[in-house]
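First the structure, in the form of structure tokens, and then the observations on it.
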Amino acid sequence: MKNFKLIIALVTLTSIISCNDKRTPQLQYMPDMYVSIPYDVNGVNGINGEPVNLKPVAGTIARGGYATYDIADTNEGYELAKANVNPLEASEENLANGKAMYDIYCATCHGKKGDGNGVLSQREKFSGIPNYKDRDINAGTIYHVIMHGKNLMGSHASQITYTERWQIVQYVEKLRTDLAK
Amino acid sequence: MKSVELHNRLTKLLLKSFTFLLIFAFSMSSYSQDIDEARQKEGKKLFKSLCASCHKLDKKLIGPALSGIEERRENDWLKAWIKNNAELRASGDRDAIAVFEEYKGSNMTAFPQLSDKNVDDILYYTTVGEIKKKVAVADNATSGASSGEAPGWLIYILASAIIVAFLMIASLLKQVNELKGNTAPGESSNLKRDLHELWAGLKRNTFLKVLTTIFLMLIGAYVFFGTLFKVGVDEGYQPIQPIAFSHKIHAGDNKIDCQYCHSSAKHSKTSGIPSVNVCMNCHKNISEVADDTVVELEDGIVLGKEELDLEIAKVYKAAGWDADNLEYTGETSPIKWVRVHNLPDFVYFNHSQHVTVAGLECQKCHGPVEEMEELYQHSPLTMGWCIDCHKETKVDLKGNDYYKKIHEDLAKKYNVDQVTISQLGGKECGKCHY
């Protein structure tokens, strides 16, 4: 009698526990319809052990894409980049999206106003982030730094598209003139 | 009696003077020269705003560690270097060229705006470093000693108290068991008889029989369908990840936008797991967490600074980053994150349609991610859940003339001001299943 009770208690307990196990996924009905046969994004398996999301072949441009930024990440490259100009027209629309992108990708460190006083700076995770007005920058060098990073800033080329980068450039230039006032 | 009191007093006095001497000696040794606090503060402020993006006091960063730089270089040379290092290099100064080449030609910003006094203040700060507050240190030393003793005592007392309590409970239990053992047989036979009578009564009453059968069938159906409805629904799924990444620290405390890391959500079908280069954008600099950082995992495991620093080291290993020499080794090993949200292959879902076109917050579907130490699936991600939202949400067509006419027609047809997604066809099978 005592054993029987114990067994019942154990069975209920394990069933309750196993139902609430967060660490394992639930049972799938017909997994062949759930799991994709083609390669999944961020999937582990590639072709013959090589990842499938390789870099494009050198010297090629994607359809509707833009030429690769081929100025090197050197001091000479920085000087060269000064000659680049923003290919986008200065419009409200570009500026608005530039602001939206700036707030996502730049403001955490550089601050909403570009004064170098972002959240990460306030929380002392990063220090010494310059105020835009204290640096001699122009459209070409801003783009260059987004592409390659500078000092402790990393490259943001993988996160932002060509158009968005130039929109950010436009917005940063506006912030800089606002700060210099 | 009196002599004892006197003796006590004397020892107290002696001890006091002795600790005082000790503290004094300590403060003397660490503050052999008096620190000009105002100057140190001024220097620290300048250092934090101008130098700290590339230099640390105790560690190599983009440039060399600067603690005690005055002992290694002449003051005049330092001034010339800081104000305009390019000029100094151009003048053919060998030391300057050597430093420039040692740090792979990274160009230090020139600071011609700094006055000699400014530079001296900065150098002063690099020499004296952080001020450890004298009084606070002394206080800590004494209070630490006295309070350090107290817990030791308390713990022993507590431990012995627990052992005693344990023994008491054990003996009590033993007694109770003995008492129970005497009466148990009679009780169980009573229970048996009761159950037997109940069963006999049940067999005679047809109505009760039917009722019990229905009850049991209902319970069975509930358990059966309850299990079936869970098939393929992973609400609350919270797998153990290879790195104890806390969304709470990154998105909550540091307020980094979701799309900073999940940058493909705005243009593509998937929101994307960030590649390690995105981690390294910040973690190149942040190799250690703050001292009081704590991550609490679901299993009750609490990770402190020591464990979390090891987690950051895992990121370095994946990126092939040599944290001592500050360079990439080229030996990378991908992080194998465990996927949490996974829609079945037979349904099409596009992130950009929801994030960019509809302008939804990520939290609408993914829940309060910025409060999660460990990520879990917040929503059921079932079809019913999708449809519910499509039925309620009104389409915002502002600035989209392409849909203007069809919206007017549909609004007239359904007799509403603004159509919902399902009225625009968001409930048709082929929209998501094809």
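A short reminder: the numbers here are calculations on the coordinates, not readings from a lab. Values in this document were obtained by computation on a predicted structure and should not be read as measured data. Please note: Cβ atoms are built from the backbone with ideal geometry, for glycine as well, and neighbour counts cover all protein chains shown.
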Determine, from the Cβ-Cβ distance of A:LEU27 and B:THR212 and an R0 of 22 Å, the FRET efficiency 1/(1 + (r/R0)^6), rounded to the nearest 0.05.
0.10
Which residues' amide hydrogens lie under 5 Å from the amide hydrogen of B:ALA65, considering only partners 5 or more residues apart or on another chain, with H built in the peptide plane?
B:LYS60
Going from the fewest other Cβ atoms within 10 Å to the most, one would list B:LYS398, B:LYS56 as B:LYS398, B:LYS56
Rounded to the nearest Å, the spacing of the alpha-carbon centers of the stretch B:333-378 and the stretch B:201-243 is 31
Projected onto the charge dipole of the stretch A:75-180 (+1 at Lys/Arg Cβ, -1 at Asp/Glu Cβ, origin at the Cα centre), which of A:PRO130, A:MET147, A:ALA90 gives the Cα projection farthest towards the positive end?
A:PRO130
Can you sort A:LYS22, B:LYS413, B:LYS364 so the residue with the fewest Cβ neighbours within 10 Å comes first?
B:LYS413, B:LYS364, A:LYS22
Pairs to check: A:LYS55/A:LYS82; A:LYS55/B:LYS305; A:LYS99/B:LYS60; B:LYS248/B:LYS364; A:LYS181/B:LYS59. Give those whose C-alpha atoms are more than 26 Å from each other in this structure.
A:LYS55/A:LYS82; A:LYS55/B:LYS305; A:LYS99/B:LYS60; A:LYS181/B:LYS59
Unit charges at the beta carbon, dipole of the stretch B:37-128: most positive-side option, B:GLY68, B:CYS54, B:ALA38
B:CYS54
Range of Cα positions in the stretch B:244-287 per principal axis (Å), largest first:
32, 21, 17
Regarding the stretch B:200-358, what's the average projected area of the Cα-atom convex hull, expressed in nm²?
16.8
Wrap a convex hull around the Cα atoms of the stretch B:381-425, take a quarter of its surface area, and give that in square nanometres.
3.4
Per-residue mean of other chain beta-carbon atoms within 10 angstrom of the beta-carbon, peptide A:23-31?
6
log10 of Debye I(q)/I(0), alpha-carbon scatterers only, for the stretch B:37-128 at 0.16, 0.20 Å⁻¹:
-0.61, -0.99
Note, ³J(HN,Hα) from phi for the stretch B:225-234, Karplus 6.51, -1.76, 1.60, rounded to Hz, x at Gly and Pro:
5, x, 5, 4, 5, 8, 4, x, 10, 9
What is the set of long-range amide H partners of B:LYS394 at a cut-off below 5 Å, with H atoms built 1.01 Å from backbone N?
none
Can you sort B:THR126, B:THR270, B:THR212 by how many other beta carbons sit within 10 Å, fewest first?
B:THR212, B:THR270, B:THR126
Cα-based Debye curve of the stretch A:75-180 sampled at q = 0.14, 0.20, 0.21 Å⁻¹ gives log₁₀ I(q)/I(0) of -0.50, -1.07, -1.19
Under 5 Å between amide H atoms, partner at least 5 residues away or on a different chain: which partners does B:TRP321 have, H built in plane at 1.01 Å?
B:THR329
